[in-house]
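> What follows is a structure written as structure tokens; I'll ask about it next.
The values are calculated or read from the model by the stated rules, or taken from the named source; none is laboratory data. These numbers come from a predicted model, not from an experiment. Here the Cβ is made from the backbone with ideal geometry for all residues, glycine too, and neighbour counts use every protein chain on show.
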Amino acid sequence: MLRRFVPQCDSWERLTQRRHRAYARLAPLGLHCASADQAASATRSRALAGDCFVADTPFPAAHLLAFYRAAGFCLVDVVRFAGRGYDSAVFSKAAASQPLAGVRHVPALLREAGICFAR
């Protein structure tokens with residue numbers, strides 16, 4: 001499930017901690033991503049600068065490429081972003097064209113799972 005970050009119920013600190021954990025494995029590979037050690041204030045300012053999408057996946061990080069492929073994403077490009085010493089993989093995945101059959105009361109399910117649902 002993909003949803004927008006909702007500052008009224010989501011935490012910049014928790015998001016930053018998750019990003020630190022997600023990118024920690026890359027530093028020993030020589031792939032330093034800014035997200036690996038940035039402050040929560042940097043996460044906030046970057047996210048508020050526009051629409052926020054996860055796109056900085058280092059191409060040499062084979063475990064991440066395998067993760068995205070297993071989740072149904074397709075590699076569509078490899079680019080080098082300014083200031084980075086590695087190539088980044090860009091993935092794409094088609095959005096579901098029809099709602100899931102038999103799924104009802106999604107907002108209630110999200111709340112039960114502890115996920116903020118903004119109306």
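> Looking at Gly85, is it more than 17 Å from the chain's Cα centre (by Cα) and at pLDDT 80 or above?
Here the answer is yes, as Gly85 does meet what is asked.
> Looking for something of a type in the set (Lys, Arg), in contact with a Cys (Cβ under 9 Å, 6 or more places away or on another chain) and at pLDDT 80 or above - is there at least one such residue anywhere in segment 17-26?
Checked segment 17-26: at least one residue is of a type in the set (Lys, Arg), in contact with a Cys (Cβ under 9 Å, 6 or more places away or on another chain) and at pLDDT 80 or above.
> Okay, next question. Please work out which residue is farthest from Ser11 (Cα to Cα), limiting yourself to segment 37-66 and to residues that are modelled with pLDDT under 85 and of a type in the set (Gly, Ala, Ser).
Applying the filter and picking the extreme gives Ala55.
Every residue, every condition in (1) under 22 Å from Gly30 (Cβ atoms); (2) exposed (fewer than 13 other Cβ atoms within 10 Å of the Cβ); (3) in contact with a strand residue (DSSP E or B) (Cβ under 9 Å, 6 or more places away or on another chain); (4) in the same structural domain as Leu31 (by TED's automatic domain parsing), yes or no:
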position	(1), (2), (3), (4)
Phe59	yes, no, yes, no
Ala62	yes, yes, no, no
Leu65	yes, no, yes, no
Tyr68	yes, no, yes, no
Gly72	no, yes, no, no
Leu75	yes, no, yes, no
Gly83	yes, yes, no, no
Ala89	yes, no, yes, no
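> With the requirement that a residue be basic (Lys, Arg), assigned to a helix (DSSP H, G or I) and within 23 Å of Phe73 (Cα to Cα), what does segment 1-38 give you?
Residues satisfying the conditions are Arg18, Arg19, Arg21.
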